[in-house]
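J.: A single structure is presented below for examination.
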Amino acid sequence: MSATDTIFALSSGTLPSGVAVIRISGPQSAEVLQRLTGKTLLPRSAAFAALRDLDGELIDKGISIFFAGPASFTGEDCVELQVHGSKAVVAKLLSVLGSMDGLRQADAGEFTRRAYLNGKLDLANVEALSDLISAETEAQRRFALANSDGRHRQIYDEWRAKLIEARALIEAELDFSDEADVPGSVSEMVWGNVRELQKRIEAHAASYHHAEIIRDGLQVVILGAPNAGKSSLMNVLAQRDVAIVTDEAGTTRDVLEVHLDLGGLKVNLADTAGVREAMGKVEAIGIKRSLDRAATADLILYVEDMVDPALVPEIPDVPTIRIGNKADLNASNSRKYDCTISTRTGQGIEKLMGILKQHAEPYTEKAASTIPFRERHRQLLYLAIHHIDQALEEAELELAAESLRLASDSLSRICGKVDVEDLLDSIFSKFCIGK
């Protein structure tokens, strides 16, 4: 890919700042640098220089670096200007760049787009880079870095190569069965390998839920009867007053949510309306929302008043931690709890946090694993599985081969690569056809 225009943009953070970085990419990058500084720099060398506008007026003094393509982020000639992070300095410099012929302000994500089009990144790398920029927790940071190192492409390329080889063997039997180099009934040899590969893809696709939790957070819902202490527990875990706490039943009418960092894992903690026989239409709506939210949660914290226990009629079939509250009142009953606490004194909260961290550990451990990390990946993996199913069930070898092609193309689209020439390469290298 060769861009005809040169783009520029502020690539550092919000102004004002100590230093601002302006990035330039495209065929005119070196020329722009020379016009601004009066210097021609060697690639990958930094120089301190005065930056001047087209009339020779001083804009600022800073560091300039030139990266010759393809050894740059975008694969094109690039320049980075490090100047003082003043709004006025940056505005003036961007204005001067915009006045030059052939230069324009970069669109959102255009530097990364050019890096992809020039083969510096694949689509999975691009998505991982986006996740790294938006990472809020340690698990998200580790996960994004793990996804950016090319391991996904290696896995999908390996699986794709196996599908292409299987297809090549089938088509070789169809088209070149009279050649001595092509064994008879070769298609029967490939189906066992294809079935084994399908199982590996299915297991890989099924692990997407772990990635979803790492990226979007563990969905935890606090559920219980009115006045059980749900809102008080939320305030204790959040370490601030998020929810209104009173002794009046039905105070919480809607779902309140707060985001926590639990051992490096993002947790979306939701406080819900107390579940009881509704006393009015508004409360009934709140209770329905509570149960709906709990039904889609990854974990339920079921809170019960140990002094005056009131049971929720039906708890959704979701992993649940049963919590007895008001342990400071020396309450005792025959019910079994995973943890007893007092939201007033803090008794048992440390133990509860330990239990929560145990639930979070399987996901934080997955942060360095190679698992599909976008819904797009999951959909394409299941599409590949669907096409493999069709190939295994198809009686006509021509149609089976076509299904395998569609399966391999689905894998290719995850990283943005589809190359039909691989099929010919596989045929010629295996069977010496055309010798």
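The values are calculated or read from the model by the stated rules, or taken from the named source; none is laboratory data. These numbers were taken from a predicted model, which means no experiment stands behind them. Heads up, the Cβs are rebuilt from the backbone with ideal geometry, glycines too, and the neighbour counts pull from every protein chain shown. Remember, those area values only see protein heavy atoms, side chains included, never the ligands or the DNA or RNA. Shrake-Rupley method; radii C 1.70, N 1.55, O 1.52, S 1.80 Å.
J.: What is the one condition in (1) more than 31 Å from the chain's Cα centre (by Cα); (2) modelled with pLDDT of 90 or more; (3) open to solvent by less than 40 Å² (accessible area, probe 1.4 Å) that Glu402 does not satisfy?
T.: Status for Glu402: all satisfied but (3).
J.: Against the condition assigned to a loop (DSSP other than H, G, I, E, B), within 21 Å of the chain's Cα centre (by Cα) and not polar (S, T, N, Q), how does Lys120 come out, does it pass?
T.: Considered against the rule, which asks whether it is assigned to a loop (DSSP other than H, G, I, E, B), within 21 Å of the chain's Cα centre (by Cα) and not polar (S, T, N, Q), Lys120 comes out as yes.
J.: Going residue by residue through the stretch 6-25, is there one that turns out to be farther than 30 Å from Ala124 by Cβ, open to solvent by 30 Å² or more (accessible area, probe 1.4 Å) and more than 34 Å from the chain's Cα centre (by Cα)?
T.: Checked against the condition, which is being farther than 30 Å from Ala124 by Cβ, open to solvent by 30 Å² or more (accessible area, probe 1.4 Å) and more than 34 Å from the chain's Cα centre (by Cα), the stretch 6-25 yields no hits at all.
J.: Would you point out the residue of the stretch 280-316, among those that are surrounded by 16 or more Cβ atoms within 10 Å (Cβ to Cβ) and of a type in the set (Val, Ile, Thr), that is modelled with the lowest pLDDT?
T.: Val312
J.: Shifting gears a bit: Kindly indicate which of Ala106, Ala172 is touching a helix residue (DSSP H, G or I) at 6+ places or on another chain (Cβ under 7 Å), open to solvent by less than 50 Å² (accessible area, probe 1.4 Å) and of a type outside the set (D, E, K, R).
T.: Ala172
J.: Given (1) farther than 20 Å from Lys120 by Cα; (2) small (Gly, Ala, Ser); (3) surrounded by fewer than 20 Cβ atoms within 10 Å (Cβ to Cβ), where does Ala71 come up short, assuming only one miss?
T.: In the conditions (1) farther than 20 Å from Lys120 by Cα; (2) small (Gly, Ala, Ser); (3) surrounded by fewer than 20 Cβ atoms within 10 Å (Cβ to Cβ), Ala71 misses (1) alone.
J.: Just checking, does the stretch 387-395 include any residue being β-branched (Val, Ile, Thr), modelled with pLDDT of 80 or more, over 13 Å from Ile164 (Cα atoms) and open to solvent by less than 20 Å² (accessible area, probe 1.4 Å)?
T.: Scanning the stretch 387-395 turns up no residue that is β-branched (Val, Ile, Thr), modelled with pLDDT of 80 or more, over 13 Å from Ile164 (Cα atoms) and open to solvent by less than 20 Å² (accessible area, probe 1.4 Å).
J.: I need the full set of residues from the stretch 358-386 which are of a type in the set (D, E, K, R) and either modelled with pLDDT of 90 or more or more than 24 Å from Asn147 (Cβ to Cβ) (or both), in order please.
T.: The one that is of a type in the set (D, E, K, R) and either modelled with pLDDT of 90 or more or more than 24 Å from Asn147 (Cβ to Cβ) (or both): Arg378.
J.: Here's a follow-up. Regarding Glu165, is this residue over 23 Å from His210 (Cβ atoms) and part of a helix (DSSP H, G or I)?
T.: yes
J.: For the stretch 129-165, how many residues meet the condition of being in contact with a strand residue (DSSP E or B) (Cβ under 7 Å, 6 or more places away or on another chain) and crowded, with 18+ Cβ neighbours inside 10 Å?
T.: Looking only at that region, the number is 3.
J.: Hey, among Ser72, Ser64, which residue is outside any helix (DSSP H, G or I), polar (S, T, N, Q), in contact with a Cys (Cβ under 6 Å, 6 or more places away or on another chain) and in contact (Cβ under 8 Å) with a residue 12 or more places away in the chain?
T.: One residue alone meets the criteria, Ser72.
J.: Okay, next question. From Lys366, Lys357, Lys336, which residue is open to solvent by 20 Å² or more (accessible area, probe 1.4 Å), of a type outside the set (A, V, I, L, M) and not in a helix (DSSP H, G or I)?
T.: Answer to the selection: Lys336.
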